[in-house]
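Below is one structure, written out as structure tokens; comments come after it.
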Amino acid sequence: MNRSITKPITIACLVAVAVCFAESVTFAEDVGDRWGTEEREREYYPIVNLPIPKDLVIEAGAFAQLPDGRMAVGTRHGDIYLISGIDAAKPNPKYQLFASGLDEIFGLLWVGDGFRVTQSCELTYVRDTNGDGKADRFETISDAWGYENYHEYAFGSELDAKGNQYIALGLSASYYSNALNRGFIMKVSPDGKSTAFASGLRSPGGIGLDEHGALFYVESQGPWNCSCSLKAVPFQSFHGHPASFNWYEFNSELGPTPLAPEPGTLIADEKKRIKQLVPYAVIFPYIRMGRSVTDFAVDKTGGKFGPFEGQMFLGDYTLSIVMRATTEEVNGVWQGACYPFREGLSTGILDVEFSPEGNLICGGTNRGWPVRGIKPFALERIQWSGKMPFEIKRITIEPDGFLVTFTKPVEKGTGEAAGSYTISAFTHPYRGAYGGPEIAQHACEVKSVELVDDGLSARVHVDKLEEGFVYSFDLAKLRSRDKEELLHRDAYYTVNEIPAAQ
Amino acid sequence: MRLSLRFDLFSRRASILGVVGRLVCLVLSYLITHQAAAQAPDPSLFGKHPLNQAQAGDLLRSELRCTACHGGSAPEMLPPKTAPSLEDVGARITPGYLQRFLESPHAVQPGTTMPDMLASRPTERKEIAEGLTHFLIEQSKNDFTSQPFAKQEIDKGRMLFHSVGCVACHGPQEQLEAGPTRDPRYADEDDDEYFQRDRFQPPAISLGHVPEKYSARSLSEFLFQPLHVRSSGRMPDMKLTRDEAQAIAQYLTRESQQTKAAIVPDKSLAAKGKQYFQELNCVACHAMEGMSPANPVLSLDQADLTRGCLSKASSNSPQFHLNEAQQAAVAVSLKERKVADTDQVVLAKTMTAFNCIACHKRDDFGGVHQNYDPYFHSSEKNLGDDGRIPPPLTGVGGKLQPIWLRKVLFDGESVRPYMETRMPQYGKQNLAFLPDLLARLDSPEKIEQDGSKLVEEINSDREREKQYRAAGRELLGDKGLSCVTCHNFNGKAAPVNKGLDIITTTQRLQYDWFNHYLRNPGAYRPRTVMPSAWPNGVAAHKTILNGDTDAQIQAIWYFLSLGRSAPDPSGIRQEKTMITADDQAKTYRGRSRVAGFRGIAVGFPEKINYAFNAQTGTLSAIWQGDFINVNWGGQGAGDFHPAARAIQLDQDVSFMRLADDNMPWPRMPTTSKETPVNPDPLYPKNLGYQFRGYYMDDASIPTLMYRSGSVKIEDRSYAVEVEDRPQLKRTLKFDSPQPQTLWFRALSGDVQIESEKKFRTNDLALTISAGKPIIRPIAEQRGKTELLLPIKLPQGESTLELIYEPINH
């Protein structure tokens, strides 16, 4: 496998020139290397194309499960289709146009007897009140934000336990905050009241709840973000990009405006100075783990999708891949790991969602930005073949290292050898320039490993752990008891906090 | 040679595995003696296959599954041809047919690979068949139904059958009007290829039994997912949708004569049938729960071929009804000492068993038979054979990226939407070995240049990267080699012939193959319409990259490797997406110059349209003619543009409470490049305005809902024609909790009074149903006036009617 990384070329040029009504010119670029695992992934997680009738354009922006077992897709063209037969062995889905004429749908949720649709202009309750199968009532739930630039996308979450919905608002032209509340996450409570909830967003790709019910959103690489990341969102939190400070004066519920971040610092240091700054929970090292991570879905399929119950599955637009992530709360701060999962999708993935039968539906488009997949738009289904892949299942932190769990027992020889666990670490500078390097790279010495008897997990004791660093695992030397190599040898754990020894 | 294309029950039984009728044998033996240089197909199999007699015999033994019953060494087995699943056979096959078939399979379906198991028990045939039938029906989960489909689609089925590829194996079912045929220019006698081809019988696995065997419903189910029943993929999945499968099933069963009644299985008959099933060792081929096959009988290594299955004289063996050529081939196969098959032979056997050769040519065998050529169609006629005949497979293992080959074989991927014949799906379990086999056979030992390394190399050299990117783009465009004239590019249609989207190139092809192909496409496809831009290796285009052939081809590869981010080469038309409102009203949300970011466009079939700025609650534009164009190109997020010149109205908030009539109307905040931040971000919510959505009536006409302070407003406009001129009638419904005065800024510009109720600007007339409007100058706009209407609202509901008439100059 070729592990060289193509030099990152920023996509700043793509968006910097965007002004109100004019779109930027798209420049060509190489999108980066592959993991090289596609052929092996096929055995475990085949991708099935979901045919789209010739005359339909379905650039999926959001999916929702319906109570009747169908799925719905909201599109960039502003249509909502209800799809039946999405799980059939040989899919021949039927598409029923439910609504059209909406404005870029990046959030779709069935609640009560209608959809809560997050479109660029507002959050709308869309219903069919006369039962003819087509929406006829479009009620504004919230439009508590400015919308003055085409790049000001809005992403909607699912409802939390109290019935609140969260809307992540991207910046103006992805750089500035020229219109009200751009760069905020808004909370829309069950009574329809909208309040500001968090600040500091740049260009979100998705928002939702993780396996623990905690709110996370996905941020894209760019200014103040050297890589894409998953960020945990407590109330009044600040997420790194200061452009949205403009609107604190209009939203007293958000508390005092945070101190301005100092460029050229480290998040691990700045978070001590800026009390609202929340360190990025899971960093997706740029290009190795996506270039524009989009939305995620949590596997609640009860094992139908394989051994990753509870984990997040995230799409990536540029690389047409799906990745996994896990989260844990340490000392009150969220952090976790990301893992390669599946490459070789046909288009840029904008959203993923589990189907009633526990398959992962993926969709999107490759219009406008560089994308590896060759189809202008596509709907695809990743399904578990039933064959157990040998994978790193989950990495969690320990006071002096990590607990690595596996999907299949690891054989003793390689599993107990410290040399099988190659760990290195890096951090990112915290700065306003577009993207940024991996700095302070160093090897992390593995002092010892305890392989648990069942072979399904290993305690890895390391020399030193540091806050603010991403620990890259390369476990290529491990073998399962049936002598298999790992399907994916890499994983990346972001350390924000280190638990105290018991 | 002239062969009748007319469907005839007995003339053309050339099943790969079964009986070849006497007539066909005669034709074949005649033809074989007239074979020229091309590979002489062994007459025991049909088609222009590459197998010699012993290999053909191997294949017959493998496909007939001799070793299901016999011991002894087996020929190298392809993925076995399994017998159909009997799991739900009672629901699939007409009971009457099932019994007749079991009684005498070869009489009912000549050419079947099912042996006659009852040859040794001639007097019990009927009784055994009846028992088996009852048993098979009893053990099925579902019942047989012949209930017809609601929609009759025989014509569609006929069309599909004769275009998607069924003909390649089954032959045409009736003579259709001639489709495209080979260009007669190529039919002259100097064309060796033409002269030598097709001197053999094309395959035509008979479907004569189908109308009686299935109901349209059960056949449709089978055709939709044939691998469910026949998992070994010899009848492949033609990627039919359910509707298509229904249509073909209706077509194929259209002449069914018999009534197809379900039967209730008789318990005692079924019990007997179960015994027969075991006794006859049916389970050797047909899996049946709770039964296991008998021990193998006589080893084939020492078999006496004058007796047993191959001998017509035998009275106690299953009978396969093989013809002489087939028997001879099997005999030679059994006699020859076996050496392991080479990759070449395994591939030849595979392509014959799965009948890839019916559509694809590889080296000097296979290809579409001339008799079937008219059934290969394309929606892009100008692409010639490239557009309608499946691509040759010569060297395909060196042509396609391994992963792409897998996607084509197992995931149903295809890049030729214009080709009506489909690449069938044979099931991954059956052909899993094929990609590696092809790679071993076709990949050169040494790769001259690795495509991804080339891209990396170019990427790492900034100057070269820039130069190649520009050159590749120029070469593809209409100022260069005009590739985009006949190839779609990046999802955008080519202006002339819509050939396959070349942006897929680097994901599908290997660089070495691409390089050689570009230099001489004709060497790969003799009649291709693809021109050569580097004849004899010399670049036709001299200025780009100094006419360096290597550099030009590398530049094209590099440019295409950019994938979807590659900018359009010159010569590609950007198509606008027009949305029309021809049948009923249409509502479309999106940003627009005429309606702001929270714009709503509403169009009517009467060809008058309006735009509403939902940010400010204002009807902001009216236009006649077509509805809107929408920008879904590039990053375009669906912004709309009126499809005709629009009458632009002010977009400031329309309703509010004015302290007195001297108070200036609050205008929308403006931003500029220098001061981009909205200076009044709460406008017009701070004036009491809130948009609340809209609802549609039965004619899809929207009623917009909003609020101004405590007043709820419903705003509905519809189109009327008065003296052939469209007008917009607008009704505003107010609901106020108490009596109050709400001000409405109805019109602005150079407002003139036409009458007490009618006002006009240069291009619009407005009639107001009630009230006493005032016209006053707009403070900051010299010479401009605004029409303000104080609306005295009672408590509860009230309405105001407005008529907007565009003034045509």
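The values are calculated or read from the model by the stated rules, or taken from the named source; none is laboratory data. The structure displayed is predicted, hence computed values, not measured ones. Every residue, glycine as well, gets a Cβ built from its backbone with ideal geometry; the counts of neighbours run over all protein chains shown. Protein only, heavy atoms only, side chains kept; ligands, DNA and RNA dropped before computing areas. Shrake-Rupley method; radii C 1.70, N 1.55, O 1.52, S 1.80 Å.
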List, in order, the whole-Hz ³J(HN,Hα) value for each residue of the range B:135-147 obtained from phi through the Karplus relation with A = 6.51, B = -1.76, C = 1.60 and θ = phi - 60°; use x for Gly and Pro.
4, 5, 6, 4, 7, 7, 6, 10, 9, 6, 9, 10, 4
Rh by Kirkwood over Cα pairs, then Stokes-Einstein D for the range A:392-495 at 1.002 mPa s and 20 °C, µm²/s
151
Can you find, among B:H809, A:G306, B:G111, the residue farthest towards the positive end of the dipole of the protein assembly as shown? Put +1 on the C-beta of Lys and Arg, -1 on that of Asp and Glu.
B:G111
Quick one: give the max-minus-min coordinate of the C-alpha atoms of the protein assembly as shown along each principal axis, largest first, in Å.
116, 87, 78
Using only atoms on other chains, find how many Cβ atoms lie within 10 Å of each Cβ of peptide A:119-131 and report the average.
3
So the angle from the long Cα axis of helix B:242-252 to the longest Cα principal axis of chain B, reported in degrees to the nearest 10, equals 50
Name the lysines eligible as straight-distance cross-link partners of A:K271: C-alpha to C-alpha under 27 Å, and not fewer than 8 places from it in the same chain.
A:K187, A:K231, A:K464
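If you put +1 on each Lys and Arg Cβ and -1 on each Asp and Glu Cβ, how big is the dipole of chain A around its Cα centre, in Debye rounded to 20?
Details: 48 positive and 65 negative charges, 126 e Å.
Value, rounded to 20: 600 debye.
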Starting from the 7 Å offset along Cα-to-Cβ, what nm value, one decimal, do you get for the label separation of B:A313 and B:Q738?
11.7
Which whole number gives the average count of other chain Cβ atoms within 10 Å of the Cβ atoms across peptide A:173-182?
3
What is the helix-to-structure angle for B:324-335, meaning the angle in degrees between its Cα long axis and the longest Cα principal axis of chain B, kept from 0 to 90 and rounded to the nearest 10?
80
Which percent of the accessible heavy-atom area of the range B:592-679 goes to carbon and sulfur, probe 1.4 angstrom?
50
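Rounded to the nearest 0.05, what FRET efficiency do B:T123 and B:F149 have when you use their Cβ-Cβ distance and R0 = 45 Å? Can you show the working numbers first?
Working: r = 42 Å, r/R0 = 0.94.
Working from the Cβ atoms, E equals 0.60.
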Provide the FRET efficiency to the nearest 0.05 for the A:K477-B:D343 pair, computing r from the beta carbons and using R0 = 30 Å.
0.35
Tell me the accessible surface of A:R202 in square angstrom (1.4 angstrom probe, heavy atoms of protein chains only), to the nearest ten.
10
Dimensions (Å) - chain B, Cα atoms, principal axes, largest first
117, 78, 45
Mean separation of Cα contacts under 8 Å, 6 or more apart, over the residue count of chain A: relative contact order %:
13
Mind ranking B:W623, A:W110 by accessible surface for me, highest first, 1.4 Å probe?
A:W110, B:W623
Computed from every Cα-Cα pair in the range A:307-451, P(r) in 10 Å bins starting at 0 and rounded to whole percents is 10, 28, 33, 24, 5
Sort B:86-92, A:46-52, A:293-299 by the packing proxy (mean of other Cβ within 10 Å over each peptide's residues), most packed first.
A:293-299, B:86-92, A:46-52
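Around A:G401, with a cut-off of 14 angstrom between Cβ atoms, what is the net charge of the other residues, counting Lys and Arg +1 and Asp and Glu -1? Numbers along the way, then the final one.
Details: positive: A:K447, A:R459, A:K464; negative: A:E398, A:D400, A:E445, A:E450, A:D463, A:E466.
Taking every other residue near A:G401 into account, the sum is -3.
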Hey, if you put +1 on the Cβ of every Lys and Arg and -1 on every Asp and Glu Cβ in the protein assembly as shown, which of A:Y339, B:N371, A:Y286 ends up farthest toward the positive end of that dipole?
B:N371
Using the Cα centre as the reference, give the magnitude of the dipole from point charges on the C-beta atoms of chain B (Lys, Arg: +1; Asp, Glu: -1; all else neutral), rounded to the nearest 20 debye.
860
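Add -39500 (n - 2.57) for each DSSP H run of 4 or more in the protein assembly as shown, then divide by its residues: what number comes out at 222 nm, to the nearest 500 deg cm²/dmol? Could you put the intermediate results ahead of the total?
On the way: 32 runs with 248 residues, N = 1311.
Value at 222 nm, helices only, nearest 500: -5000 deg cm²/dmol.
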Once B:K772 and B:E456 are pulled to full extension, the length gained, defined as 0.36 nm per residue separation minus their Cα-Cα distance, is 106.3 nm
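How well do other chains shield peptide A:96-106, expressed as the mean number of their Cβ atoms within 10 Å of each residue Cβ? Don't jump to the answer; show the numbers that get you there.
Details: counts 0, 0, 0, 2, 5, 12, 5, 12, 5, 0, 0.
Partner Cβ neighbours, averaged per residue: 4.
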Enter the accessible area of B:W632 (Å², nearest 10), with the probe set to 1.4 Å and all protein chains included.
40
At R0 = 45 Å the Cβ-Cβ FRET efficiency linking B:L305 and B:A271, nearest 0.05, sits at 0.75
Dividing the Cα radius of gyration by the Kirkwood radius, what Rg/Rh value follows for the range A:11-382?
0.94
With an 8 Å Cα cut-off and a minimum separation of 6 or more residues, compute the relative contact order for the range B:85-177 in percent.
36
Check cross-link reach from B:K479 to the aspartates and glutamates: straight Cα distance under 13 Å, and skip same-chain residues fewer than eight apart.
B:D568
Treat each spin label as a single point 7 Å out from the Cα along the C-beta direction, and report the A:L403 to B:D364 distance in nm.
6.9
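If you average the sequence gap of Cα pairs under 8 Å that are 6 or more apart and divide by the length of chain B, what percent do you get for the contact order? Don't skip to the end; give the middle numbers.
Values: 1586 pairs, mean separation 76.9, N = 809.
Reported relative contact order: 10 percent.
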Computed about the Cα centre, the charge dipole of the protein assembly as shown from +1 Lys/Arg and -1 Asp/Glu charges at the Cβ has a magnitude in debye, to the nearest 20, of 1340
Considering only protein heavy atoms and a 1.4 Å probe, what is the carbon-and-sulfur percentage of the accessible area of the range B:289-441?
54
Excluding residues fewer than 8 positions from B:K48 in its own chain, the lysines with Cα under 16 Å of it are B:K349, B:K361
Using 0.36 nm times the number of residues separating B:A523 and B:R464, minus their current alpha carbon distance, what extension gain do you get?
18.1 nm
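Expected output is a single nm value to one decimal: the length gained when fully extending between B:D548 and B:L658, i.e. 0.36 nm times separation in residues minus the C-alpha distance. What is it? Present the calculation step by step, with values, prior to reporting the outcome.
Working: separation 110, 0.36 × 110 = 39.60 nm, distance 7.53 nm.
Additional length available on full extension: 32.1 nm.
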